1. Report, by residue number, each residue of segment 61-82 that is aliphatic (A, V, I, L, M) and either loosely packed, with under 15 Cβ neighbours inside 10 Å or more than 27 Å from the chain's Cα centre (by Cα) (or both).
2. In the list Q71, Q10, which residue meets the criterion of being part of a helix (DSSP H, G or I), free of Cβ contacts under 8 Å to residues at least 12 places away in the same chain, out of contact with any Pro (no Cβ under 6 Å at 6 or more places or on another chain) and not aromatic (F, W, Y)?
3. Considering S50, S32, which residue is closer than 26 Å to T82 by Cα and surrounded by 10 or more Cβ atoms within 10 Å (Cβ to Cβ)?
4. Of the conditions (1) surrounded by 11 or more Cβ atoms within 10 Å (Cβ to Cβ); (2) assigned to a helix (DSSP H, G or I), R17 fails just one. Which one is it?
5. Give the number of residues within segment 28-68 that are under 30 Å from V8 (Cβ atoms), among the hydroxyl-bearing types (S, T, Y) and assigned to a helix (DSSP H, G or I).
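Here, each number is a calculation from the coordinates, and none is a lab measurement. Values in this document were obtained by computation on a predicted structure and should not be read as measured data. Here Cβ is always computed from backbone atoms with ideal geometry, including for glycine, and neighbour counts include all displayed protein chains.
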Amino acid sequence: MGTADKSVRQSISLPSRLATKVRRLAKNQRASTNHVLVDLIEAGINSKESQRRRFFELAEKLSASSDPDEQRRIKKELARLTFGE
């Protein structure tokens, strides 16, 4: 979060186990729980965006490929991204 970003106050409820983990991370990093939550949320959003980009890259490769072995490999990877292991 840059200094130019305007902060918006949000209220969230965390399961107690998760709240404990966040407090522990904050203590270990010598940071506030708010800072840790912001970092975790940003990392999660970046991860989701990366997964989305990877999915569309693979979909484009699949449509451009004429090699059946490569198509099969790409389909497996797309299935793994969509449905998990």
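1. A64, A79, L81
2. Q71
3. S50
4. Unmet condition: (1).
5. Going through segment 28-68 one residue at a time, the tally reaches 3.
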